[in-house]
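A quick write-up on the structure given underneath.
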Amino acid sequence: MGGRSFLMKESEIYENWRKFIRTGQYSSDVIRPVIAESWNISKAAGIDPFKPIESNRLSNRELKKRQENSSQVVAVSLPFMESIYKIVAKSEFAVRLTDRDGYILVALGEEDTLGKMTALNINPGECCKEEYIGTNAIGIALRTGEPVQVFAAEHYNYNYHSWTTSSCPIKDKNGEIVAVLGMTGSFQKVHSHTLGMVIAAAEAIESQIRLEESNRKLAIANQHFMAIMESISEGLICIDNNLIVTDINQNARKMLNLQSKDPVGESLAKLFGGYSKRIKDVLRKGKGYNEEEVIIDLPKGTLRCVILTTPIKRDNSSVDGAVITLREGKSVHKLVNKIVGAEARFVFDDIIGKSPEIIEAKKQAMFASLNSNTVLLTGESGTGKELFAQAIHNASERKDGPFVFINCGAIPRELIASELFGYVEGAFTGARRGGHPGKFELADGGTIFLDEIGDMPLDTQANLLRVLETKEVVRIGSHKIIPVDVRVVAATHKHLEEEVERGNFRQDLFFRLNVIRIRIPPLREREEDIRIFIDKLIDRYSEQLGKPVRNVSNSYYNILEGYAWPGNVREMQNIINQSIMMMEGSELTAKNIPDNIKKKAVPYREKAHAGVRTLSEIEERAILETLEFNNGNITSAAKSLGIGRNTLYRKMKKYDIAYTP
């Protein structure tokens, strides 16, 4: 309907308005249902059709708060409002935007036009709901959710009859009204196309809001993605199908020494060199691969790491790039060491004893822990050399690093080199796919304990010497040099000087190992410590075996203290464990000790008095030996000694002999 058609119909609308005001009746051929419904709402709300509408304007603070709450829709709408206003500028038109509650937030128009509208209470801060100002386009659009144009006398209040407004609701993605856009002008200048222009602007605003919402969600998702990438301890690199780097986190930059250079947009080949071909296969086949340990040549040095490549697939399973995960070899090795138990558990406080010999050995070991020099521990089997090695590690600055143990005498000759130095894939028959790191690589940043170093083959000794001198290893089957930072603690029960003379041990390696030499004394040289060990081991094994030991007879102590312990602490652990298992009741006695130990034990106090003995000592010894010989039978023992049973009991009480077989 053009402007002329509107004007021709204006009188009919006016007559029907007057009729409705007087009688509540109207012609449905002239008055649209949506207008008639609004008239009834206005009448029910008590709107006076002739009096000026009272102002319901918000305070400046309340208006500002509503503008802030609708800041996004206002920011998006303003450019479109300005665009349509330019079309009708200087034509007594005004463009307005309300919030979801009908309060006008923004109004654009000439000063004279807005001034005229001030008397109509339709400027910023006023509410346009039908209940407040009667029938109007913005109020109807809010209620119905549909675009509408209200012309002249269609307004319920007479004061608005000179105006026509075209309005359209603005909705969010869920179809909820968030604002209403309206254009108001003189009814004489209005055209049906005005509503079309407002609808087009509202739809454009809705599209822009959805676009900004999508961009906002995309930005948030990107922020979350970047936060996740940066929170992961591993290095992450994202690439497209052309091996071009699209994203990289700080850990990857640090690992690849790229802190001062942005690799995004560059080819992966510049970072990984020839290894990028392996990743190209992932993109081509669409199948990732599990962790592979590789050594990447960098401009400065090399990077030893474990790589995991995962292809990124679309819904149709086509590949759209890949994610590369880098884990530093040190961190992976540290995890492996933790899983397999390659950790030092003992400290110097765990080394028990009060004998001068053990105190001196601990003193030397504590001194050794203050530096990273190579340590050579010597001593008989079972004296606790590994205990000392762990204590040295835990007291050193390497305590947070790995502690790796290897028994050089327990590994077959042909495997010792691969265990120590590692190997690459295909190095020999049976070599693991992807290769395998050696003990020196696993010990990087920590300590390696080479037990029974005297049993190491000569050819492996040469390789070990080179590692000690260069701090570098080369895996079997490879030429790549891998730097390692490892402290070596070696141990042996052999006399290495004699092994050197026999040609079984390299002299230069001996000199390289023999920097700090600590002798661990055997148990037979630590008489003061034997009973301490006995008590400690009884407590340990009685708890482990669930057999409480309430009492320990003197005979039990006497025999164990008289034994030479050629197997040292390890042998004592075995004997006491066995004694408790064989114990009947809750008392340990001489009968719980294996016969072979009893036969080899030196009689009580004989060690302390190898020369002159008192008569009392001789008598006490005779009673003990006789009781032992007769398996604790008092009658038989008294008969063998040529005394009565009561006399024997009295002498046993005198010497505090509570013998129980």
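Matching residues to (1) of a type outside the set (A, V, I, L, M, F, W, C); (2) free of Cβ contacts under 8 Å to residues at least 60 places away in the same chain; (3) not in a helix (DSSP H, G or I):
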site: Ile209; (1), (2), (3): no, no, no
site: Glu213; (1), (2), (3): yes, yes, no
site: Leu218; (1), (2), (3): no, yes, no
site: His224; (1), (2), (3): yes, yes, no
site: Ile228; (1), (2), (3): no, yes, no
site: Cys238; (1), (2), (3): no, no, yes
site: Asn241; (1), (2), (3): yes, no, yes
site: Asp247; (1), (2), (3): yes, yes, yes
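Rundown of residues vs (1) aliphatic (A, V, I, L, M); (2) at pLDDT 90 or above, yes/no style:
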{"site": "Ile481", "(1), (2)": "yes, no"}
{"site": "Val486", "(1), (2)": "yes, yes"}
{"site": "Ala491", "(1), (2)": "yes, yes"}
{"site": "Glu501", "(1), (2)": "no, yes"}
{"site": "Arg506", "(1), (2)": "no, yes"}
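Filter region 125-135 down to the residues that are surrounded by 20 or more Cβ atoms within 10 Å (Cβ to Cβ) and either under 13 Å from Gly185 (Cα atoms) or of a type in the set (Asp, Glu) (or both) and list them by number.
Of everything in region 125-135, those that are surrounded by 20 or more Cβ atoms within 10 Å (Cβ to Cβ) and either under 13 Å from Gly185 (Cα atoms) or of a type in the set (Asp, Glu) (or both) turn out to be Glu126, Glu130.
Only one of Leu258, Leu243 is at positive phi, surrounded by 14 or more Cβ atoms within 10 Å (Cβ to Cβ) and not assigned by TED's automatic domain parsing to the domain that holds Val424; which? Step through it out loud before you land on a result.
Numbers: Leu258 fails: at positive phi.
It is Leu243.
Would you please name the residue that is farthest from the chain's Cα centre (by Cα), looking only at residues in region 57-74 that are within 20 Å of Met117 (Cβ to Cβ) and surrounded by 14 or more Cβ atoms within 10 Å (Cβ to Cβ)?
Going through the qualifying residues, I end up with Arg57.
Quick check, is Gly46 without any contact (Cβ under 8 Å) to a residue 12 or more places away in the chain and either surrounded by 20 or more Cβ atoms within 10 Å (Cβ to Cβ) or part of a helix (DSSP H, G or I) (or both)? First the steps, then the outcome.
Working: without any contact (Cβ under 8 Å) to a residue 12 or more places away in the chain: yes; either surrounded by 20 or more Cβ atoms within 10 Å (Cβ to Cβ) or part of a helix (DSSP H, G or I) (or both): no.
So Gly46 does not fit the description; no.
All but one of (1) in a loop (DSSP other than H, G, I, E, B); (2) surrounded by fewer than 16 Cβ atoms within 10 Å (Cβ to Cβ) hold for Pro263; state the number of the condition that does not hold.
That leaves (2) as the condition not met.
Just to be sure I understand the filter: pairs with C-beta atoms under 9 Å, separated by 6 or more residues or on different chains, first member in region 619-632 and in the same structural domain as Ile593 (by TED's automatic domain parsing), second member small (Gly, Ala, Ser) and surrounded by fewer than 17 Cβ atoms within 10 Å (Cβ to Cβ). Which pairs pass?
The qualifying pairs are Thr626/Ser636; Thr626/Ser640; Phe629/Ser636; Phe629/Ser640; Asn630/Ser636; Asn630/Ser640.
Given the residues Asn121, Asn69, Asn56, which is the only one that is of a type in the set (S, T, N, Q) and in contact with a Cys (Cβ under 6 Å, 6 or more places away or on another chain)?
Asn56
Take the residues in region 138-152 that are in contact with a strand residue (DSSP E or B) (Cβ under 8 Å, 6 or more places away or on another chain) and in a helix (DSSP H, G or I), then tell me which one is farthest from Phe187 (Cα to Cα). Can you show your working first?
Of the residues in region 138-152, the ones in contact with a strand residue (DSSP E or B) (Cβ under 8 Å, 6 or more places away or on another chain) are 138, 140-142, 145-152.
The next check asks that each one be in a helix (DSSP H, G or I); those that pass are 138, 140-142, 152.
Details: Ile138: 16, Ile140: 18, Ala141: 19, Leu142: 22, Ala152: 6 Å.
Only one residue tops the list, namely Leu142.
Looking at Lys287, Lys261, Lys313, can you tell me which residue is without any contact (Cβ under 8 Å) to a residue 12 or more places away in the chain and among the charged types (D, E, K, R)?
Working: Lys287 fails: without any contact (Cβ under 8 Å) to a residue 12 or more places away in the chain; Lys313 fails: without any contact (Cβ under 8 Å) to a residue 12 or more places away in the chain.
Being without any contact (Cβ under 8 Å) to a residue 12 or more places away in the chain and among the charged types (D, E, K, R) holds for just one of Lys287, Lys261, Lys313, which is Lys261.
What number of residues within region 22-45 are β-branched (Val, Ile, Thr) and farther than 19 Å from Ile138 by Cβ?
3
It is to be established whether one or more residues within region 632-655 are at positive phi and modelled with pLDDT of 85 or more. Quick ask: steps written out before the conclusion?
As a first pass, look at region 632-655 and keep what is at positive phi: 632, 642.
Adding the requirement that they be modelled with pLDDT of 85 or more leaves none.
Scanning region 632-655, I find no residue that is at positive phi and modelled with pLDDT of 85 or more, so the answer is no.
Residue check: is Ile122 β-branched (Val, Ile, Thr), at pLDDT below 95 and either under 30 Å from Val30 (Cα atoms) or crowded, with 23+ Cβ neighbours inside 10 Å (or both)?
Details: β-branched (Val, Ile, Thr): yes; at pLDDT below 95: yes; either under 30 Å from Val30 (Cα atoms) or crowded, with 23+ Cβ neighbours inside 10 Å (or both): yes.
Yes.
Out of (1) of a type outside the set (A, V, I, L, M, F, W, C); (2) in contact with a helix residue (DSSP H, G or I) (Cβ under 7 Å, 6 or more places away or on another chain); (3) surrounded by fewer than 19 Cβ atoms within 10 Å (Cβ to Cβ); (4) farther than 19 Å from Thr135 by Cα, the odd one out for Ser77 is which?
(3)
Give me a count of the residues in region 592-630 that are within 27 Å of Val549 (Cα to Cα), surrounded by fewer than 17 Cβ atoms within 10 Å (Cβ to Cβ) and at pLDDT 75 or above.
Residues in region 592-630 being within 27 Å of Val549 (Cα to Cα), surrounded by fewer than 17 Cβ atoms within 10 Å (Cβ to Cβ) and at pLDDT 75 or above: 6 in total.
Do we have any residue at all in region 20-27 that's out of contact with any Gly (no Cβ under 9 Å at 6 or more places or on another chain), free of Cβ contacts under 8 Å to residues at least 12 places away in the same chain and of a type in the set (Val, Ile, Thr)?
yes
Does Glu154 satisfy being acidic (Asp, Glu), buried (at least 17 other Cβ atoms within 10 Å of the Cβ), assigned by TED's automatic domain parsing to the domain that holds Glu12 and farther than 20 Å from Ile170 by Cβ? Working first, answer last.
Numbers: acidic (Asp, Glu): yes; buried (at least 17 other Cβ atoms within 10 Å of the Cβ): yes; assigned by TED's automatic domain parsing to the domain that holds Glu12: yes; farther than 20 Å from Ile170 by Cβ: yes.
Answer is yes for this residue.
One line per residue, one yes/no per condition, for (1) within 25 Å of His193 (Cα to Cα); (2) in contact (Cβ under 8 Å) with a residue 40 or more places away in the chain; (3) part of a helix (DSSP H, G or I):
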{"residue": "Lys65", "(1), (2), (3)": "no, no, yes"}
{"residue": "Val95", "(1), (2), (3)": "yes, yes, no"}
{"residue": "Thr98", "(1), (2), (3)": "yes, yes, no"}
{"residue": "Val106", "(1), (2), (3)": "yes, no, no"}
{"residue": "Lys116", "(1), (2), (3)": "yes, no, yes"}
{"residue": "Leu120", "(1), (2), (3)": "yes, yes, no"}
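Check off (1) polar (S, T, N, Q); (2) within 26 Å of the chain's Cα centre (by Cα); (3) farther than 18 Å from Thr310 by Cα for Ser214 and give me the number that stays unchecked.
The one condition Ser214 does not meet is (2).
Say whether the condition of being farther than 18 Å from Ile416 by Cα and among the polar types (S, T, N, Q) is met by at least one residue in region 474-497.
no
The values are calculated or read from the model by the stated rules, or taken from the named source; none is laboratory data. Given the structure is predicted, the values throughout are model-derived calculations rather than measurements. Cβ coordinates were reconstructed from backbone atoms using ideal geometry, including for glycine residues, and neighbour counts include every protein chain displayed.
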